[in-house]
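Novice: Let me begin by handing over the structure; questions about it come next.
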Amino acid sequence: MTAPLTRRRAPAPPIGVVASITAGFETVNAQLGLVALPVALDLFLWLGPQLSVRPLVDESLRLLDEMTLGAGGLTPDATLLRQGLAQAALLFNLFSRLSTQPLGLPSLLALRGSALTPLGQPPVWPISNAGLYLVLFGLFSLVGLLFATLYFGGIAQQVRDGRLDFGELGRQAGGNWLRLILFALLAASAVFVIGGPTVVLASLAGLASPVLEILISVLGTSLILWLLLFAVYAVHGILLQQRGLFGSLWDSLRLVQASLPQTAGLVGAVTLIYYVLGLVWNLASSDSWLMVFGIAGHALVSTALIAATFVFYKDRYRWWVETQQALKEQVRN
């Protein structure tokens, strides 16, 4: 007796979160060159020269002190904020914008900074001109997205083809770079459009009730995260399927809708592993050569986790397409 058509052609179920993460580590193990860019960036941020914005921050704080002097001085909260900005200015390195994470190279040193190294204090080049700062900030962000294009593109090739083709990677880099820039601008605009009014409404509500202020802030943040979750596969579609930006966004929306619990589980698991192991990689001080192990471990695990999302997307996309085709055949028959 012949099996029903829909049953005979039912697509194989997609792999789960654990299998995807395992496959991500296997992908990196098969091609360790995938970690080269994040390792090189962190070594540069650690041992290389630094661009300091401390003169700009000091000038801003001086103007703030003058403005508040006639108003009775800073409030306790404002004083803490001032101290935090002053401390952050000591460690912030403008070269860290070469890591545009999460849409860029993963970096251990971009957030923590490096005041001392095993070779002593690195060269520090101060920036005292606000216009120069803005130009360099934009330039480094664009270069960082170019690095991201090559990095994610290499991972996509390894997941899709089981090999790296640098010629193909270079030929596709220009178009994919432009798509990543447009996606970054679109995501930033969405965050601004939602986040800006949320901050204003929360501040106004805080005058009446602190609880209402917290509620509005939580709702606004939840909406932003919800939108970003539905766009989480946009980069995967661009690089794995060579789709345009809006086609990739549309595919991401439909794929997340079809597998929302699994996608949320993947994002949650990847985020948890990344930050828990991040505590381990940050144990070494920046003036110790043990930092080399932290940089290497961070690059290896981060790349494996990113590869896991590409593996997950590739198989979910296959399952989704086959499911849609099976449903169409069922309707026709």
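Novice: Among the residues of the stretch 201-217, are any part of a helix (DSSP H, G or I) and within 23 Å of the chain's Cα centre (by Cα)?
Specialist: Yes: the stretch 201-217 contains one or more residues that are part of a helix (DSSP H, G or I) and within 23 Å of the chain's Cα centre (by Cα).
Results for (1) in contact with a Lys or Arg (Cβ under 8 Å, 6 or more places away or on another chain); (2) aliphatic (A, V, I, L, M); (3) more than 22 Å from V35 (Cα to Cα), shown as yes or no for each residue.
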residue	(1), (2), (3)
G237	yes, no, no
L255	yes, yes, yes
L260	no, yes, yes
G268	no, no, yes
D287	no, no, yes
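Novice: What single numbered condition from (1) modelled with pLDDT of 90 or more; (2) in contact with a Gly (Cβ under 8 Å, 6 or more places away or on another chain); (3) in a helix (DSSP H, G or I) fails to hold for T198?
Specialist: (1)
Novice: Something else about it: So, of the residues in the stretch 296-327 that are aliphatic (A, V, I, L, M) and more than 20 Å from L239 (Cα to Cα), which turns out to be surrounded by the most Cβ atoms within 10 Å (Cβ to Cβ)?
Specialist: Checked the stretch 296-327; the qualifying residue surrounded by the most Cβ atoms within 10 Å (Cβ to Cβ) is A299.
Novice: Please state which of the following conditions Y133 fails to meet, knowing it meets all the rest: (1) closer than 26 Å to D42 by Cβ; (2) surrounded by 17 or more Cβ atoms within 10 Å (Cβ to Cβ); (3) hydroxyl-bearing (S, T, Y).
Specialist: Condition (2) is where Y133 drops out.
Novice: If S286 satisfies every condition in (1) crowded, with 18+ Cβ neighbours inside 10 Å; (2) part of a helix (DSSP H, G or I); (3) not aromatic (F, W, Y) but one, which is the exception?
Specialist: (2)
Novice: Test L300 against the criterion of being assigned to a helix (DSSP H, G or I), hydrophobic (A, V, I, L, M, F, W, C) and touching a residue at least 40 places away in the same chain (Cβ under 8 Å), and give yes or no.
Specialist: Yes.
Novice: Which pairs turn up if I take residues in the stretch 55-68 that are surrounded by 14 or more Cβ atoms within 10 Å (Cβ to Cβ) and look for partners that are assigned to a helix (DSSP H, G or I) and modelled with pLDDT of 75 or more with beta carbon separation below 9 Å, at least 6 apart in sequence or on another chain?
Specialist: Filtered contacts from the stretch 55-68: L56/A130; L56/Y133.
Novice: Can you pull out the residues in the stretch 130-159 that are under 28 Å from R54 (Cβ atoms) and either outside any helix (DSSP H, G or I) or not aliphatic (A, V, I, L, M) (or both)?
Specialist: G131, Y133, F137, G138, F140, S141, G144, F147
Novice: May I ask you to list pairs of residues, at least six apart or on different chains, whose Cβ atoms are under 8 Å apart, with the first in the stretch 1-29 being at pLDDT 95 or above and the second being β-branched (V, I, T) and part of a loop (DSSP other than H, G, I, E, B)?
Specialist: That search, which allows pairs on different chains as well, returns A23/I15.
Novice: Now a separate question. Could you go through the stretch 155-172 and let me know if any residue there is buried (at least 17 other Cβ atoms within 10 Å of the Cβ), touching a residue at least 24 places away in the same chain (Cβ under 8 Å) and farther than 14 Å from V235 by Cβ.
Specialist: Yes: one or more hits.
Novice: I need a count of the residues in the stretch 228-245 that are free of Cβ contacts under 8 Å to residues at least 60 places away in the same chain, within 15 Å of G153 (Cα to Cα) and surrounded by fewer than 17 Cβ atoms within 10 Å (Cβ to Cβ).
Specialist: 0
Novice: Another question, then. Given the criterion surrounded by 14 or more Cβ atoms within 10 Å (Cβ to Cβ) and free of Cβ contacts under 8 Å to residues at least 24 places away in the same chain, identify the matching residue among L212, L225.
Specialist: After ruling out the rest, the residue left standing is L212.
Novice: Determine which member of the set G162, G237, G247 is within 30 Å of T323 (Cα to Cα) and within 20 Å of the chain's Cα centre (by Cα).
Specialist: G237
Novice: While we're looking at this one, here's another question. Within the stretch 257-280, track down each residue that is farther than 18 Å from A156 by Cα and buried (at least 20 other Cβ atoms within 10 Å of the Cβ).
Specialist: Result: T263, single match.
Novice: Right, another one. Do we find a residue being part of a helix (DSSP H, G or I) and at pLDDT below 85 anywhere in the stretch 102-124?
Specialist: Looking for residues that are part of a helix (DSSP H, G or I) and at pLDDT below 85, one finds at least one in the stretch 102-124, hence yes.
Novice: I've got another one for you. Is there a residue being in contact with a Phe, Trp or Tyr (Cβ under 9 Å, 6 or more places away or on another chain), farther than 30 Å from P118 by Cβ and among the hydrophobic types (A, V, I, L, M, F, W, C) anywhere in the stretch 290-308?
Specialist: Checked against the condition, which is being in contact with a Phe, Trp or Tyr (Cβ under 9 Å, 6 or more places away or on another chain), farther than 30 Å from P118 by Cβ and among the hydrophobic types (A, V, I, L, M, F, W, C), the stretch 290-308 yields at least one hit.
Novice: Then there is this: What number of residues within the stretch 255-303 are aromatic (F, W, Y) and within 20 Å of Y151 (Cα to Cα)?
Specialist: Qualifying residue count for the region: 1.
The values are calculated or read from the model by the stated rules, or taken from the named source; none is laboratory data. Just so it is clear, the structure is predicted and the values come from calculations on it, not from any experiment. Please note: Cβ atoms are built from the backbone with ideal geometry, for glycine as well, and neighbour counts cover all protein chains shown.
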